[in-house]
Amino acid sequence: MLGYALGLVGRRSVAEDLVQEAFLRLHQVWGEVENPRAWLYRSLRNLALNHLRDHRRETDLPETEPPAETDLAPDEMGRQEAVGVIRLLVSELPPEDGELLRLKYAEDLKYHEIGRRTGLNAGTVGYRLHYLLKGLADSLRRAGVEGSNG
């Protein structure tokens, strides 16, 4: 679970706190939960999303302490938190949509190459990717993550 949380929030100390909070919450409702593992992951996902929304500019250091060379700049921290939200959102997509994104952005394939692998025509690939990206952008805005254009 720690690895999952770390992938969502990008900071180990925060991930550890969120995992601990998820287990504490599970303990409170133990008798009502049919599938504790699924409940924990859902709870952890919700806690991570709430954290990313509420603590976009949070740092581990008090403001009076100068940052160490290994600490992240605020822009880099914001970028990592945005990446965590994106990972979270992509993980919630239907598998076929996640596969389209993976083929386009991880494997850098052209629409017609994606079409060959998936059985879709290139126009359909472009259409679906357009709406997937639009939906992800809307979800990012709702989560409080803004692009470089504001």
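Close contacts from the range 108-137, counting a first residue that is modelled with pLDDT of 90 or more and a second that is of a type in the set (S, T, N, Q), with Cβ to Cβ under 8 Å and a gap of 6+ residues or different chains, come to Gly115/Asn121; Gly115/Thr124; Val125/Thr118.
Listed here are the residues, each with its yes/no results for (1) under 25 Å from Leu129 (Cβ atoms); (2) surrounded by 10 or more Cβ atoms within 10 Å (Cβ to Cβ); (3) at pLDDT below 90; (4) not assigned by TED's automatic domain parsing to the domain that holds Leu120.
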residue: Leu18; (1), (2), (3), (4): no, yes, no, yes
residue: Arg45; (1), (2), (3), (4): yes, yes, yes, yes
residue: Glu63; (1), (2), (3), (4): no, no, yes, yes
residue: Val83; (1), (2), (3), (4): yes, yes, yes, yes
residue: Arg87; (1), (2), (3), (4): yes, yes, yes, yes
residue: Leu103; (1), (2), (3), (4): yes, yes, no, no
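Sort out which residues of the range 1-56 are more than 18 Å from the chain's Cα centre (by Cα) and of a type in the set (Lys, Arg), and write them in order of number. Once the filter is applied, which keeps residues that are more than 18 Å from the chain's Cα centre (by Cα) and of a type in the set (Lys, Arg), the range 1-56 yields Arg25, Arg37. Residues in the range 105-136 that are surrounded by 12 or more Cβ atoms within 10 Å (Cβ to Cβ) and small (Gly, Ala, Ser) were compared, and the one that is nearest to Ser91 (Cα to Cα) is Gly135.
The values are calculated or read from the model by the stated rules, or taken from the named source; none is laboratory data. These numbers come from a predicted model, not from an experiment. Note that we place each Cβ from the backbone using ideal geometry, even for glycine, and neighbour counts take in every protein chain shown.
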